[in-house]
1. Determine the dipole magnitude for the range 349-723: charges of +1 sit on the beta-carbon of Lys and Arg, -1 on that of Asp and Glu, nothing else is charged, the reference point is the Cα centre, and the result goes in debye to the nearest 20.
2. Can you tell me which of 187-200, 534-547 comes out highest on packing, and rank the rest after it, using the mean Cβ neighbours within 10 Å?
3. If I take all pairs of Cα atoms in the range 325-422, what percentage of them are more than 22 Å from each other?
4. Write down the Å³ per residue value for the convex hull defined by the alpha carbon atoms of the range 471-596.
5. Taking each pair of different alpha-carbon atoms in the range 349-723 once, compute 1/r for the pair, average those values, and report the inverse of that mean as the Kirkwood hydrodynamic radius in Å to one decimal.
6. First select every other residue whose beta carbon is under 13 angstrom from the beta carbon of I252; then total the charges, Lys and Arg +1, Asp and Glu -1.
7. Just add up the charged neighbours of V654: K/R +1, D/E -1, any other residue whose Cβ is under 15 Å from the Cβ of V654.
8. Rounded to the nearest whole Å³, what is the per residue volume of the convex hull around the Cα atoms of the chain?
Amino acid sequence: FKGGDTCEYLLSSGRFLGEKVWQPHSCMMHKYKNSEAKNCLLDKHIVFIGDSRIRQLFYSFIKLINPQVKEEGNKHGNILFEDKSASIKVDFLWYPEVNGSMRQRIKSWTESSVAKPHIIVAGAATWSIKIHNGSNEALTQYKINITSIAPLLEKLAQSSDVYWVLQDPVYEDLLSESRKMITNEKIDAYNEAALRILNSSSRNSRAKVKVFSVSKLIAQETIMKSADGLHLPESSRDTNAMILMNVYCNKIMKPIDGSCCQPQPPLTLIQKLAFCFFTLSILGYLILSLIHRNNYRKNKACTDLESGEEKKPASSNPNGSTLEMLLHSFCKLGLIMTYFYLCDRANLFMKENKFYTHSSFFIPIIYILVLGVFYTENTKETKVLNREQTDEWKGWMQLVILIYHISGASTFLPVYMHIRVLVAAYLFQTGYGHFSYFWIKGDFGVYRVCQVLFRLNFLVVVLCIVMDRPYQFYYFVPLVTVWFMIIYVTLALWPQIVQKKANGNCLWHFGLLLKLICLLTCIYFLSYSQGAFEKIFSFWPLSKCFELNGNVYEWWFRWKLDRYVVFHGMLFAFIYLALQKGQMISEGKGDPLFSSRVSNVLLFISIVSFLIYSIWASSCKNKTECNELHPSVSVVQILAFILIRNIPGYIRSVYSSFFAWFGKISLELFICQYHIWLAADTKGILVLIPGYPMFNVLVSTFIFVCVAHEISQITNDLAQIVVPKDNSTLLKRLLCIAGFFSGLLLFSAMQDQSRH
């Protein structure tokens with residue numbers, strides 16, 4: 001940890017990811033849209049003062065406000081730009097030399113009666129080298145002139161943002177004869193003089209002229225693509241303008257994926273209370289451990305002198321052990337949440353932008369697939385979608401999704417569409433698993449519902465408190481939670497139809513199908529009635545759970561994207577269990593699921609559908625078009641996979657224990673990645689070890705997986721305590737939980753009021 005301001009890194013250091021993507025050292029750079037630039041620069045006056053290189057930067061900057069601007073006008077004169085809709089003024093003032101004229105202009109802004117520009121970007125040197133033929137006398141005069149200007153710039157820096165742009169290197173082979181005297185050696189001398197003189201007289205360390213030196217690094221990589229050897233190519237100028245926009249606007253707009261120049265957010269009231277709670281839990285656990293240790297020493301087994309037998313200490317109080325388990329769980333959770341906060345809220349660790357390459361996605365995929373195949377074991381049972389197989393399915397899907405996120409593969413449309421199928425497959429399993437449980441067990445008790453809801457939501461609720469994020473931000477958990485409740489309500493409503501009842505009378509099967517048709521009708525209606533959907537989830541307190549950025553559109557979009565797949569999972573479970581009950585499928589070890597002819601036909605159709613989907617996904621023009629068709633076609637891929645995985649008897653009888661292990665903690669992996677593997681709420685990558693990307697990924701991944709596994713154990717331990725089987729005790733706990741959420745809503749309302 002070097003400390004300091006990330007603005008300094010943004011202005012001075014970085015590297016290229018690929019050819020055009022600039023990565024500042026230690027922080028993430030946001031790509032500003034025109035609307036965002038206008039909102040940031042509303043009622044602002046910006047001045048660029050200098051030579052033709054500064055003019056280039058000026059044009060790239062105003063194109064961020066209005067992309068339609070053309071580079072025209074007097075090249076050796078002042079150029080004025082104004083955006084009346086946002087009251088933004090951006091001026092270029094032609095002062096190619098650091099001389100008395102430039103000093104006079106800058107001095108005029110220091111007078112109290114004159115309105116000062118909000119941002120000043122200045123720089124010049126190449127004209128002085130050219131006009132004076134690179135003489136040493138010109139360099140001496142440059143030092144004198146910049147010495148006289150420096151105090152004025154520093155005075156302006158007390159109320160405005162002032163940037164001095166160092167001179168970029170030139171590509172000497174491309175320079176015309178009239179510019180041959182402009183050498184990189186001369187440019188380095190002028191830059192050294194500017195660096196030494198600027199800020200040397202500054203008395204206020206905060207009011208400094210910011211030196212824009214990063215342009216030199218960018219130019220070193222791209223100047224050979226210059227048209228004349230002196231001026232930067234357009235892509236490099238645009239990068240410089242975007243850096244300038246990030247330096248000024250990030251602290252105003254606070255974009256999630258723009259960590260450069262953003263101050264650490266202050267702790268909210270809820271975060272402070274959470275900190276106190278976890279601190280007390282840690283202290284309570286330490287005190288309880290000391291008391292137990294002292295009691296153990298007093299009551300430890302002693303050897304009976306007559307018989308020589310060892311007497312065992314009295315059994316511990318079960319209430320004491322429950323309290324100890326509770327405090328122990330919260331103690332571990334408190335330490336883990338501290339790590340979460342340090343990774344993604346405190347400006348302690350570095351963050352970097354994602355950059356997609358095919359190798360960064362496909363090589364890790366091949367690697368984990370080889371590992372998965374290596375750890376192959378026999379299953380305990382050979383039924384379709386048995387427990388080991390579903391854990392394996394969730395495990396490899398989760399690993400692929402993690403690689404997809406860290407590699408930034410969402411920019412590659414075919415990969416994006418295949419990942420959408422994997423997310424749909426998770427929801428398919430939700431429909432299949434919960435329907436199968438309720439249909440076979442017939443258990444619609446409150447205990448079962450509370451257990452599922454607690455296990456799904458515990459980690460997310462804690463993260464909402466600690467990381468100050470809305471519930472909908474972790475969109476997948478609200479999605480599976482709502483679908484679980486829809487499945488429960490559909491099957492629990494009168495008449496409750498379960499397998500035991502349906503076996504006595506086949507008409508109950510038609511009754512269940514009628515329920516499923518009603519559910520499908522409701523889904524269809526809501527998917528094409530955004531207004532009705534938004535009204536349902538805009539009622540308080542539901543709105544507190546499902547709003548993101550002030551509306552529920554994101555929630556509607558996420559729900560609509562996979563609206564049919566849970567229903568497909570329920571329908572598949574119903575058909576499969578009916579076939580199993582009618583002994584129409586063979587699930588013996590090594591036996592194919594159907595007859596040889598039927599099995600071969602179904603396998604052929606499944607493989608062909610896989611290929612057709614991949615071809616379609618590759619030919620999609622844009623995400624909007626693909627997403628429209630996705631809800632209807634994703635089930636074909638899912639069913640094809642299930643058939644390929646289960647029809648051959650041998651394949652159904654084995655599973656990968658490697659993938660199954662990850663499958664058991666897949667939910668924790670999906671949620672934890674937001675803050676301790678990725679960074680800036682999944683927009684970037686967490687950097688624990690800078691300068692060594694592969695080693696950094698190995699270390700951060702190891703910690704990330706260990707934390708996810710530990711949280712899974714904590715959730716299971718707390719579920720036993722918070723959700724007991726005894727109904728009267730469970731009712732008391734539910735009242736306590738209701739009180740907790742009521743307090744949370746109250747504090748949240750207080751926070752919102754203080755923010756506004």
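Only the coordinates and a few stated rules stand behind these numbers; no lab work does. These numbers come from a predicted model, not from an experiment. Glycine also receives a Cβ, built like all others from the backbone with ideal geometry; neighbour counts cover every protein chain displayed.
1. Values: 28 positive and 20 negative charges, 142 e Å.
With Lys and Arg at +1 and Asp and Glu at -1, about 680 debye.
2. 187-200, 534-547
3. On the way: 2632 of 4753 pairs.
In whole percent, the share of Cα-Cα pairs in the range 325-422 beyond 22 Å is 55.
4. Taking the convex hull of the Cα positions in the range 471-596, it is 148 Å³ per residue.
5. One decimal place: 22.2 Å for the Kirkwood radius.
6. Details: positive: K38, K44, K251, K254; negative: E36, D43, D161.
Once all neighbours under 13 Å are counted, the net charge is +1.
7. Working: positive: K380, K383, R387, K589, R645, R652; negative: E377, E381, E388, D391, E392, E587, D591.
Neighbourhood net charge equals -1.
8. 239
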